[in-house]
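Everything on this sheet refers to the single structure shown next.
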Amino acid sequence: MIDKNLNLVASKLVNAFLKNKIINPISVRYTKKLSNADKLRKLCESKIKKPIIGFKAGGTGIPVMKNLKEKEPFYASVYKHNVLKNNKSVKINKYTLGIELEVCYLLKKNFFNYKRKISKNNMSQFIVYIAPCIEIVGYRQKKKGIKSFGDLCSDFGANVKFVIGPRKKFSNNNVKNLKTNISNPKIKQSVNGNTNTVYINPMNSLLFVLKKLQKDKIRHDKDFYVFTGSSVGVVPILSKGIYKGKIEKLGSVKTKIN
């Protein structure tokens, strides 16, 4: 039986998510522990009928994980209406946390019929494409900063929009130790990063998400994306304009921030 208060909080968050509104912060009782936040996230997602296009790994930065005393990242669903093509614009508000640069994968839907336990040795058979992408992160609540992974997880993984760059056919691409950069040339803002900051590396982050999907018995009837986490941390958006992300060997992705 669902707790009435939890159900009420979930309904408020879902309404804010669907109508692009900002609400007052929810109680820390739902966000302090990641297990409670994950329960709220799942309840919220059960109330949404819009199509899911994929799943994201959140909290993949190992230093942040250690600082917040978490043992692993979390995952959340990503909805089709929040995924954009390269060069598309994203409107932000004052509760936007920042911008991230990630590696993403497109996987075959037959993963969900796979009976064996997923592992690093067998998961490549499901990967179709690999691409650079930008994630805009932020809350549906009037709060700033990150005090716990639960803050992010409970609020739909704090994903606002994803912008996907040109895709490449996957062929066991090595994404370990690749240099990355995100910049806004107009204001000379430039932040360097590395794919190894993403939960060891993006393939390891992908494996984490796939294991969670199997454990939670998630079903999906279409090919799907997995977004693996930021290679540059959460970069503050200091000005509106064009932000360009580059990942060595993979290519670049752009978005216009409004």
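The numbers here are math on the coordinates, done by the rules we state, and not lab data. On a predicted model such as this, the values are computed, not experimentally measured, just so you know. When we count neighbours, we look across all protein chains shown, and the Cβ atoms used for this are built from the backbone with ideal geometry, even at glycine.
For this structure, a couple of remarks:
- One quarter of the convex hull surface built on the alpha carbon atoms of the chain amounts to 12.9 nm², the projected area averaged over directions.
- A quarter of the convex hull surface defined by the alpha-carbon atoms of the stretch 1-115 gives 9.8 nm² as the mean projection.
- In order along the stretch 164-171, the Karplus-derived 3J(HN,Hα) couplings, from 6.51 cos²θ - 1.76 cosθ + 1.60 at θ = phi - 60°, round to 9, x, x, 8, 10, 4, 6, 9 Hz, and Gly and Pro are given as x.
- Judged by the ratio a/c of the largest to the smallest principal axis of the C-alpha gyration tensor, the stretch 129-223 counts as oblate, that ratio being 1.5 or greater while a/b is no larger than b/c.
- Label zone of residue 109 (point 7 Å out along Cα→Cβ, amide N under 18 Å): in the stretch 68-85 this covers 78-81.
- Rounded to the nearest whole Hz, the Karplus-based 3J(HN,Hα) values (6.51 cos²θ - 1.76 cosθ + 1.60, θ = phi - 60°) of the stretch 199-204 follow the sequence 6, 5, 6, x, 5, 5, with x at glycine and proline.
- Computed from the Cβ-Cβ distance with R0 of 35 Å, the FRET efficiency linking residue 33 to residue 219 stands at 0.80.
- Computed helical MRE - 222 nm, the chain, DSSP H runs ≥ 4 contributing -39500 (n - 2.57), nearest 500: -6500 deg cm²/dmol
- Rounded to 0.05, the FRET efficiency of the residue 176 and residue 7 pair, given R0 = 45 Å and the Cβ-Cβ distance, is 0.55.
- Inter-label distance for residue 168 and residue 239, nm, one decimal - labels placed 7 Å from Cα along Cα-to-Cβ: 3.1
- Percent breakdown of C-alpha pair distances by 5 Å bin, ordered from the shortest bin, for the stretch 55-99: 5, 15, 17, 21, 21, 13, 7, 1
- Relative protection proxy for 236-249, 39-52, from highest mean packing down: 236-249, 39-52 (other beta-carbon atoms within 10 angstrom).
- Comparing Cα centroids, the stretch 28-49 and the stretch 163-193 end up 31 angstrom apart.
- Charge dipole magnitude, Cβ of K and R +1, D and E -1 - the chain, Cα centre, debye nearest 20: 440
- Whole-number percent relative contact order across the chain, with pairs defined as alpha carbons under 8 Å at least 6 apart: 28
- Ranked by the mean number of other Cβ atoms within 10 Å per residue, highest first, peptides 188-200, 147-159 order as 147-159, 188-200.
- Of all DSSP beta bridges in the chain, antiparallel share, percent nearest 5: 85
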